[in-house]
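Q: Sharing a structure, written as structure tokens. Questions coming.
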Amino acid sequence: MKEWRSSMNTSCCARSRLGVHAFCCALIVGLGSLLAFNQQARANVFAAHLETSATSWNFQSGPITFSYRLNQPATSVNIEIYRAADPNTVIRTITNCPTARGLNQVSWDGTDDLGTRCLPATITNSA
Amino acid sequence: MPAGNDYKFRVIAVDAIGNTSGTWVDITPKPDGVNEIGDAQFGAPQGITINREPTSAHFGRIYISNSASTASTNPGATAAGDGLFLLNNDLTFRGGSASTAAAAANSSLVTSTTTSDVLSPWKCNINQDNPNEIVVSDYLDGYENVWVFNADGTEVQRLLNSSTTGPSTGAAANHGNQFCTLLSGIGTGRKLWAIDEDKDAGGTRFTGGYDLLRYDVGTTLSNYTGQPAEVKNGGTTHTNPTVTNFYSGWDMQFGRVKGTSRLYVACRRGNATTGNLAMVCWTLDGNGNLTGALWSVQNPALSVPAGLPDNYAEGWNYTSSIAVDEARGRGAVVSARVAKVLIFNTETGAIIGPAFTVGNGSTTSYRGIDADFDAAGNLYTANANDGHVRVWSPPDGPNSYTTPYSGTMLLNCPYATPTILVQPVSGKTCEGRSFTFSVVAEGHGAELTYQWKRGSTVVGTNSPTLTLSSVTAADAGNYTVTVNGCGSVTSSVATLTVVANCIPDYNGDNLVNQSDWVLWEACATGPDVPASSECLSASPPKDLDFDGDVDQDDFGIFQKCLNGEYEPDPACVR
């Protein structure tokens, strides 16, 4: 089935002592039309299908893109990145992420909230 | 691969608007603004089950068992074929890259294309203790098989095959058309539950009816041949220990929480000819075995709010589904005849309404409507009568659910973890002085970062040195540094001791003068010559720079404190 909405977000902005990252811009995709969708009948929203298309990645070559699906439009979506060994320590919060129902995509440039670039890495889907 | 920096992601999705209508509202996606996403997609969706276990890699996935294949029942149906369909949490078909909806739909069909015997599947349900197992009951092919699929539909087991390998005698032979099957438990504790709707008049193959059967299948993957470990309401007496005239169970559901202690069963109707709704909620023990009835409802007329369908004449019949959302204390039962949903209290069984219509009903008894809740409390209905799958938003108001969903991605650094070449060293200093810890580490493939802690308190980051200026007593303690590179390593503990009084007024006369110099000189050893323990433990310290000897460096500090007839300057030792 054809997706009716697939947002590639380049507007997610992160808190950073170095300021707004280069990939963070002001482009908000389709929010106006999104909010027109049946506002009085919005569902309780949840995200699922968090995935990445990459099997290996080196941040030196650019940001990584990952995706999630929302069952319904959301009012706000944040993405938290944390060390697997320490789920309570969020190293990066990406805010203003796409809120559309369906497939959404977000870029991460590999930096944490302090602006420190994270590591070259391989990415493994644990599924 | 060596241990690396592993990261995970979680998506926090919030709906601050929600359903403000106060009632259950159809919020089925309409991609084109007109037609619901489920329009004409399914022939007869008889079953729906949703993975609502947030820790599952397949969290949010929706499974729909389709029991009629073509336009013969729903003109325009594109999801042809009996089988199980995989959908995303937004109701789009999972997979399916083809350009046409039909092709995409069929690419998500995971049963009939690989297993020819899966005909007319009825209910499908996720193993509540293992979301990677989906059990599907087979209805109308005369075999009454029970199939188990993995989460992707790539592995299929015929767990119960009554036609060929199943027992021909005994209680296990007493099952007929199994409208609904459930799985619970894992490993040797895995249990298959089957509810028996038909063959109540003594079918040609089976002699019993209305049974609730439990097979302790354990790790058996196919063709289980054992007798059921438990049978409720066996035979043809229509009598149930807790629900009189329990008749034609059509659906059942666990609380859908791992290790849940309840099993809810809905009957097609209260008795053989009349009546409406019958439900029973059984409790289970820690091993997943039925114990007693928590509550039962045979005719909820007295508790049905005015105006709601409350008897056979009004059409409440063929209760085809029961769905449970224990987290929110509510369940849903669906009538296939009038295509209405009643919401009930999972603690008491009381109908708490409201009733709402979920499409078209049918007087055709075997075309059911199934329902399930998602993780956020929305109700999904799969209507075999009109071929629609719909989503209903609960009247809970806005922002009732946030998803702390743990993603499935790990970033594994491909290089060796850093190593510490020089550990931080314990030390002693005076209040008011500065003190510096340092570490030397090496790593590959990444810039090293550092995090210093005193105990569990983070006191510094991103430097191989930690300088504490104007030290106070509060700075005393055990320090460690974690070096992050490709992976991380934590140093050994280095202790900082803070000496409160370092002013070399050894005779306590509030002066630092010749008399104190005489006392200091008595401990003088020279550079790198260890001082006696007595001198090293003296207070105020004779080893004023705390390097183990008493030499000219210490004298230099002492000398700055010499003040003759005046009060010692506390800054002299800094």
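The values are calculated or read from the model by the stated rules, or taken from the named source; none is laboratory data. Note that the structure is a prediction, hence the values are computed from the model and not measured. Cβ sites come from the backbone with ideal geometry, for glycine too, and all protein chains shown count toward neighbours.
Q: Filtering the stretch B:323-375 down to residues that are among the charged types (D, E, K, R) and part of a strand (DSSP E or B), which residue is modelled with the lowest pLDDT?
A: B:Lys340
Q: Suppose we filter the stretch B:331-373 for residues that are among the charged types (D, E, K, R) and touching a Phe, Trp or Tyr at 6+ places or on another chain (Cβ under 7 Å); how many remain?
A: Final tally of qualifying residues: 3.
Q: Does any residue in the stretch A:70-93 that is in contact (Cβ under 8 Å) with a residue 40 or more places away in the chain come within less than 9 Å, Cβ to Cβ, of a residue that is part of a strand (DSSP E or B) and among the aromatic types (Phe, Trp, Tyr) six or more places away or on a different chain, and which pairs are these?
A: Going by the 9 Å Cβ cut-off, the qualifying pairs are A:Ile79/A:Phe66; A:Ile79/A:Tyr68; A:Ile79/A:Trp108; A:Ile79/B:Phe9; A:Arg92/A:Tyr82; A:Arg92/A:Trp108; A:Arg92/B:Tyr7.
Q: Further, regarding this structure: Restrict the check to the stretch B:502-523 and report whether at least one residue is at positive phi, assigned to a loop (DSSP other than H, G, I, E, B), of a type in the set (S, T, N, Q) and at pLDDT below 90.
A: yes
Q: Listed residues B:Asp516, B:Asp528; which is surrounded by 19 or more Cβ atoms within 10 Å (Cβ to Cβ) and touching an Asp or Glu at 6+ places or on another chain (Cβ under 7 Å)?
A: B:Asp516
Q: A further question on this structure: Quick one: in the stretch B:415-426, which of the residues that are surrounded by 17 or more Cβ atoms within 10 Å (Cβ to Cβ) and more than 12 Å from B:Val481 (Cα to Cα) is modelled with the lowest pLDDT?
A: B:Tyr415
Q: Is there a residue being under 56 Å from the mean Cα position of the chain (by Cα) and among the small types (Gly, Ala, Ser) anywhere in the stretch B:478-487?
A: Looking for residues that are under 56 Å from the mean Cα position of the chain (by Cα) and among the small types (Gly, Ala, Ser), one finds at least one in the stretch B:478-487, hence yes.
For every residue, the table says whether it meets (1) more than 9 Å from chain A (Cβ to nearest Cβ); (2) modelled with pLDDT under 70.
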| site | (1), (2) |
| --- | --- |
| B:Gly22 | yes, no |
| B:Val25 | no, no |
| B:Gly38 | yes, yes |
| B:Ile50 | yes, no |
| B:Pro54 | no, no |
| B:Gly60 | no, no |
| B:Tyr63 | yes, no |
| B:Asn74 | yes, yes |
| B:Gly81 | yes, yes |
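Q: Being closer than 18 Å to B:Phe435 by Cβ and in the same structural domain as B:Val425 (by TED's automatic domain parsing): is that true of B:Asp475 here?
A: Against the criterion (closer than 18 Å to B:Phe435 by Cβ and in the same structural domain as B:Val425 (by TED's automatic domain parsing)), B:Asp475 qualifies.
Q: Further, regarding this structure: Here are some residues: A:Arg69, A:Arg117, A:Arg42. Which one is modelled with pLDDT of 60 or more and more than 28 Å from B:Asn51 (Cα to Cα)?
A: The match here is A:Arg117.
Q: Could I ask something else about it? Pairs, please: C-beta under 7 Å, at least 6 apart or cross-chain, first residue among the aliphatic types (A, V, I, L, M) and in the stretch B:445-456, second at pLDDT 80 or above and outside any strand (DSSP E or B)?
A: Listed pairs, sorted by first residue: B:Leu448/B:Pro418.
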